[in-house]
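**Q** Before anything else, here's the structure in question.
Laboratory data are not the source of any read-out in this text; all were calculated from the coordinates shown. Remember, predicted model here, so these are calculated numbers, not experimental data. Methodologically, a virtual Cβ is constructed for each residue, glycine included, from the backbone with ideal geometry; neighbour enumeration extends over all protein chains shown.
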């Protein structure tokens, strides 16, 4: 009989449920159990593909092309697993599958109702994921916050499953304890209300992860225990950490793994694995790193009012960290708004203050000319530059304009009437857009790429064939391949009989590191297994003295 753990959040969104879920999964894997993670998002979108990053954060892409929530990236990075569409569901996808069943007479003419049929569909999807992954323990994160109307159906699914299998189901609440300022204390009342809200849905958490600026003290632990009827031992401190990969180790200091296994009537299959020792050793190393490396990200998806939303580029940030740590550097990452360069070109001088620059992915025309100016500055001033997806496309635009002499060159995404459409949409994509088929229709997921020997890409990968994840509609226009190559732009990786450019670069005798990828290498970077292209980028950035 498989075991089920559900993770929900209290008090506020963004409380850290994804990292908590990934951490619990990692701990249980250290004890020898096969674990998988599922994310449930309570929005009616069928997937995350059509949502603005400023609204919801990064859209993560799985190997099978599923566009999903950024927490799926946390699961993959912590577990070093590749997940698929069975590990992800939304309110929209649940309703869609339920309606499709009803339309095909699956229910044999019965009245299909929100309750119990939606919660039962959720349970069926969870069980399907368990069977396909052969997981012994399934950990499901419920997005949003308890008390929100959108969450009720998923909590009802937990209640039904727990009612049928009380010894096989655990509920973990990740709840925030606010700290109001100097001379104040961590306040438990919001968490008490969150637990009572769960109670009103017929649920009592088995564990509480107390998220806060500081570690939880005994007074607050006792207060939550007394007021909410939860064992004091099952209230786990979860303070802020600069390095999120330390969190599983923090939980283990309170023996959380053993406590969870005991609650599920399980015993450790083995003592801590070698993976645990390596993980622990890496954290100690990271905390003692002194040498800093400065990386600038030139983008547009991080400004929301007066605040910075780093979640829009979370996989890029983590990939920078993985590679930097592995090479012995502590990364300092700054956000550089490309729109500022359009207003004042003199601000481009700040790029000289960085060891390396990244142009991340994106869509649309806002801030594009600023990115192109930044690319030109990095190319001319020999600053290591890594372009990701849209980043590569704009590197091609800049090169076509300023090296190939195609002055009006552009991407047809921004200027459909450009004289030199060096970046254009694929024919099959044009048909989809004409029919307004936007969701899930880009070039998505794993595609095989051929790497050419003797290039920077080959030096990084040390192989000629790789699988990389994509998410885009536009490509380097085949009509301009010859002129770009004639002027020195190297296509170091291609696919589909050289028709699609996967990696473009300049030779190292021209520029130390000027390389762009059509795919998203950041999606495959892992804590203990950094992506080779990011390692190569950080190596060359470290050689660039600011």
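**Q** Relative contact order for the chain: what percent, with Cα pairs under 8 Å and sequence separation of 6 or more?
**A** Averaging sequence separation for qualifying contacts and normalising by length gives 15 percent for the chain.
**Q** Another one. Give me 128, 379 sorted ascending by neighbouring Cβ count inside 10 Å, so fewest comes first.
**A** Least to most surrounded, the residues fall as 128, 379.
**Q** Can you work out the PRE-style zone for residue 543? Point 7 Å along Cα to Cβ, and I want the residues of region 438-478 with backbone N under 19 Å.
**A** 453-463
**Q** Relative contact order for region 16-119: what is it in percent, counting Cα pairs under 8 Å that are at least 6 residues apart?
**A** That works out to 30 percent.
**Q** Can I ask one more? For the chain, what does -39500 (n - 2.57) per DSSP helix run (n ≥ 4), summed and divided by total residues, give at 222 nm, in deg cm²/dmol to the nearest 500?
**A** Result for the chain, helices only: -11000 deg cm²/dmol.
**Q** So for the chain: antiparallel DSSP bridges make up what percent, rounded to the nearest 5?
**A** Roughly 35 percent of the DSSP beta bridges within the chain come out antiparallel.
**Q** Taking a ≥ b ≥ c as the square roots of the Cα gyration tensor eigenvalues, with a/c under 1.5 meaning rounded and otherwise prolate when a/b beats b/c, else oblate, which class fits region 393-546?
**A** Oblate is the answer for region 393-546, as a/c is 1.5 or above yet b/c matches or exceeds a/b.
**Q** In Å and from the alpha-carbon atoms only, list the Rg and Dmax of the chain.
**A** Looking at the chain, its Cα Rg and Dmax stand at 24.6, 74 Å.
**Q** Using alpha-carbon positions, what is the distance between the centroids of region 479-541 and region 309-385, in Å?
**A** For region 479-541 versus region 309-385, the Cα centre distance is 16 Å.
**Q** Ok, one more. Over region 290-543, what is the mean sequence separation of C-alpha contacts under 8 Å (at least six apart), divided by residue count, expressed as relative contact order in percent?
**A** Value for region 290-543: 21 percent.
**Q** Restricting to Cα atoms and excluding each atom paired with itself, what does the Kirkwood estimate give for region 3-284 in Å?
**A** Answer for region 3-284: a Kirkwood hydrodynamic radius of 19.4 Å.
**Q** Over every pair of different alpha-carbon atoms in region 464-546, take the mean of 1/r and invert it; report that Kirkwood radius in Å.
**A** About 14.2 Å, per the Kirkwood formula over Cα pairs.
**Q** A follow-up question, please. Shape call for region 360-481 from the C-alpha gyration tensor, a ≥ b ≥ c root eigenvalues: rounded (a/c under 1.5), prolate (a/b greater than b/c) or oblate?
**A** Taking the square roots of the gyration eigenvalues as a ≥ b ≥ c, region 360-481 is oblate.
**Q** Please work out whether region 290-543 counts as rounded, prolate or oblate from its C-alpha gyration tensor, where a ≥ b ≥ c are the square roots of the eigenvalues and a/c under 1.5 means rounded, while otherwise a/b larger than b/c means prolate and anything else oblate?
**A** Judged from the Cα gyration tensor, region 290-543 comes out rounded (a/c under 1.5).
**Q** Right, something else. For region 139-235, with equal point scatterers placed on the C-alpha atoms only and solvent neglected, what are the log10 I(q)/I(0) values from the Debye formula at q = 0.19, 0.23 1/Å, to two decimals?
**A** Ignoring solvent entirely, the Cα scatterers give -0.93, -1.25.
**Q** On to the next question. Please give the helix 152-164 orientation as an angle from the longest Cα principal axis of the chain, in degrees from 0 to 90, rounded to the nearest 10.
**A** So the helix axis and the longest Cα principal axis differ by about 50 degrees.
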